[in-house]
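Below is one structure, written out as structure tokens; the observations come after it.
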Amino acid sequence: IAAVTFTNKAAKEMKERLHGLLGPTVKDMTASTFHAFCAMLLRREGEQIGLSREFTIYDDSDQQALFKRCMSEVNVDPKRFAIRAIQSAISSAKSQLIDAEQFGKASANYWDEIVHRVYERYQLLMARNSAVDFDDLLFKVYSMLCDRPDIATKYQERYSHLMVDEFQDISESRMTFIRALIDKVN
């Protein structure tokens, strides 16, 4: 059984309740946040998609520094285009499971072209640094499950049940991720 939720506090409460109900057998279960669950899968399987098991998860300050560098390298003036606005646009794209290439193909205006340039550079530098951000955790696992049916099957067989806490609050991208995890590969 895998149980996923949104916050560390909720994950801790889930584990405590499960331990109270099941005792030591709870060790055979996975109960965590979406992000922790995805990080676990990437640590186990990431090498098969070119990601080191020792990858680093960038926090906001790491991201800010990297965005500043990316903008400089692709000649985007941070006085004209706010770092936070570009970061938000890229985060939004990732949460919709849109990679840099897809984003570029869908660019409709100058702003999109600017974001695309930074997005491409950002992802390149993240890969070079063996790093992911929080948006990448879900996106990379989703992509891995779609692109590698052998890995998808492994976890579909591993987890016969998936419980999603606060299911009514999940985003479309999380729903798409859940489907990729539980739908049997044809």
- Message: Cβ contacts < 8 Å: first residue of a type in the set (Gly, Ala, Ser), restricted to the stretch 14-34; second residue open to solvent by 80 Å² or more (accessible area, probe 1.4 Å) and not in a strand (DSSP E or B), any location; separation 6+ or different chain. Result?
- Response: ALA31/LYS15
- Count of the stretch 79-124 residues which are among the aliphatic types (A, V, I, L, M), open to solvent by 30 Å² or more (accessible area, probe 1.4 Å) and under 17 Å from LEU138 (Cα atoms): 1
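Got a number for residues in the stretch 59-108 being without any contact (Cβ under 8 Å) to a residue 24 or more places away in the chain and of a type in the set (Asp, Glu)? Before the answer, list the steps.
The initial filter retains those residues of the stretch 59-108 that are without any contact (Cβ under 8 Å) to a residue 24 or more places away in the chain, namely 59-61, 64-65, 68, 72, 75, 77-80, 82-85, 88, 92, 98, 100-108.
Right, trim to of a type in the set (Asp, Glu) and you get 59-60, 77, 101.
Matching residues across the stretch 59-108 total 4.
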- Among helices (runs of 4 or more DSSP H) entirely within the stretch 113-186, at least 3 residues that are over 19 Å from the mean Cα position of the chain (by Cα) occur in 149-158
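Okay, residues lined up against (1) of a type in the set (Phe, Trp, Tyr); (2) surrounded by fewer than 20 Cβ atoms within 10 Å (Cβ to Cβ):
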site: GLU16; (1), (2): no, yes
site: HIS19; (1), (2): no, yes
site: GLY23; (1), (2): no, yes
site: PHE37; (1), (2): yes, no
site: GLU47; (1), (2): no, yes
site: TYR58; (1), (2): yes, yes
- Among helices (runs of 4 or more DSSP H) lying entirely in the stretch 1-103, which contain 2 or more residues that are at pLDDT 95 or above, under 22 Å from the mean Cα position of the chain (by Cα) and among the aliphatic types (A, V, I, L, M)? 34-45, 60-73, 83-95
- Test ILE1 against the stated conditions and say whether it is touching a residue at least 60 places away in the same chain (Cβ under 8 Å), within 19 Å of SER95 (Cβ to Cβ) and either open to solvent by less than 70 Å² (accessible area, probe 1.4 Å) or not hydroxyl-bearing (Ser, Thr, Tyr) (or both). no
- Screening ASP62, ASP77 for residues that are of a type in the set (D, E, K, R) and in contact with a strand residue (DSSP E or B) (Cβ under 9 Å, 6 or more places away or on another chain) leaves only ASP62
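Keeping to the stretch 34-64, report how many residues are of a type in the set (Val, Ile, Thr) and within 15 Å of ASP133 (Cα to Cα).
2
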- Task: Could you please let me know if LYS154 is touching a Gly at 6+ places or on another chain (Cβ under 9 Å), open to solvent by 50 Å² or more (accessible area, probe 1.4 Å), at pLDDT 90 or above and not hydroxyl-bearing (Ser, Thr, Tyr)?
- Result: no
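The values are calculated or read from the model by the stated rules, or taken from the named source; none is laboratory data. Since this is a predicted model, take the numbers as computed values, not measurements. Every residue, glycine as well, gets a Cβ built from its backbone with ideal geometry; the counts of neighbours run over all protein chains shown. SASA here: full protein model, heavy atoms, side chains in, ligands and nucleic acids out. Shrake-Rupley method; radii C 1.70, N 1.55, O 1.52, S 1.80 Å.
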